[in-house]
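S.K.: Have a look at this one before I ask anything.
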Amino acid sequence: MNENEATLRHLLDLCRRSERTGSWQYSGFLTPAEQDELLRSPEAARYSFVLTGGHEAAERKILAAGDEREAGQPLPPISVVAVTPKSMKYAEELSHRDYLGAIMNLGIDRSLTGDILVKGKRAWFFCLSSAAEMLASSLTQVRKTAVNAEVCGTDIPEVQPEYAPLRLNVISERLDAITAAFTGLSRGQAEKLFGAEKVFVNGRVITDKSTRLKEGDILSVRGFGKAVYDGIEYETKKSRLWVSLRKYV
């Protein structure tokens with residue numbers, strides 16, 4: 001049994017427990033691949049659940065298993081820890097990798113933490129509420145920068161998604177064509193991403209390169225970013241398409 005299969009078994013156990021007890025059950029944060037394993041499971045389709053990460057564009061999400069018609073729908077147990085340099089003047093330019101490394105060095109299990117959003121010299125960590133105070137009190141330094149960390153609410157204007165408009169010229173709305181244009185790779189190079197399970201649409205791994213995108217779909221290519229597909233702008237005289245996307249920045 002591989003790691004994803006073990007995770008799926010645990011998630012299905014939570015769904016069964018929720019159905020049996022009539023109460024909400026929650027997992028730790030799941031990777032996109034683990035979420036996809038759940039969504040593709042025939043057994044999972046029998047249960048009521050949602051996947052949520054605490055913000056609109058979340059990649060890492062928790063399973064919330066339950067039926068709101070029977071048990072109501074409480075707020076998911078997700079909190080945010082805001083991290084700010086003690087001195088903005090002397091703070092380093094820190095990356096997502098720097099912040100992730102800092103919490104890994106604390107020995108905090110990755111399943112307790114969700115997305116890390118970085119903007120300028122500040123960052124926000126989404127995490128399970130049960131781990132929020134521990135994370136806030138333990139995180140005092142990122143690389144050489146001394147930081148303050150405090151638990152705050154999840155409704156944070158600074159972390160709302162920002163987009164950059166993107167126009168692509170493609171032969172069709174097939175996913176392989178759009179993926180090649182989106183990544184700047186050749187069609188052949190882009191096809192290898194499908195075999196490596198690095199292409200996601202709406203959080204699900206897509207291996208069928210002939211899949212066609214629909215307006216509102218969220219395309220994510222690991223290592224190249226994520227964008228909302230807004231559809232065809234117009235068709236050229238040579239039957240090529242100009243399509244528009246909004247890339248997350």
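Every number in this text was worked out from the coordinates using simple rules, so none of it is lab data. Since we're looking at a predicted model, the values are computed, not measured. Neighbour counts run over all protein chains shown; Cβ positions are idealised from the backbone, glycine included.
S.K.: From the list (1) -0.61, -1.09, -1.16; (2) -0.48, -1.22, -1.28; (3) -0.51, -1.05, -1.13, can you say which value of log10 I(q)/I(0) by the Debye sum over Cα atoms at q = 0.09, 0.16, 0.17 Å⁻¹ was derived from the structure given?
M.R.: This structure yields the entry labelled (2).
S.K.: Note the count of lysine pairs whose C-alpha atoms are less than 13 angstrom apart in the chain, limited to pairs 8 or more residues apart or on different chains.
M.R.: 7
S.K.: By how many nm would the segment from ALA196 to GLU235 lengthen if fully extended, with 0.36 nm per residue of separation less the alpha-carbon distance?
M.R.: Taking 0.36 nm per residue and subtracting the Cα distance, the gain is 10.9 nm.
S.K.: For the range 78-159, how big is the tail of P(r) above 18 Å, as a whole percent of Cα pairs?
M.R.: Tail of P(r) above 18 Å: 32 percent of Cα pairs.
S.K.: Right, another one. Calculate the spin-label point distance for LYS214 paired with HIS96, positioning each point 7 Å from the Cα along the beta-carbon direction, and give it in nanometres.
M.R.: Distance between the two pseudo-spin positions: 2.7 nm.
S.K.: Per-residue ellipticity at 222 nm for the chain, helices alone: DSSP H runs ≥ 4 residues times -39500 (n - 2.57), over residue total, nearest 500 deg cm²/dmol?
M.R.: -8000 deg cm²/dmol
S.K.: Would you mind putting 118-126, 88-96 in packing order, based on average other-beta-carbon counts within 10 Å, highest first?
M.R.: Most protected by this proxy first, the peptides run 118-126, 88-96.
S.K.: Could you tell me the relative contact order of the range 163-248? Use alpha-carbon pairs under 8 Å, at least six residues apart, and round to a whole percent.
M.R.: With pairs under 8 Å counted, the relative contact order is 33 percent.
S.K.: Separate question: Measure out, as a whole number of angstrom, how far apart the alpha-carbon centroids of the range 32-105 and the range 167-213 sit.
M.R.: Going from one Cα centre to the other spans 25 Å.
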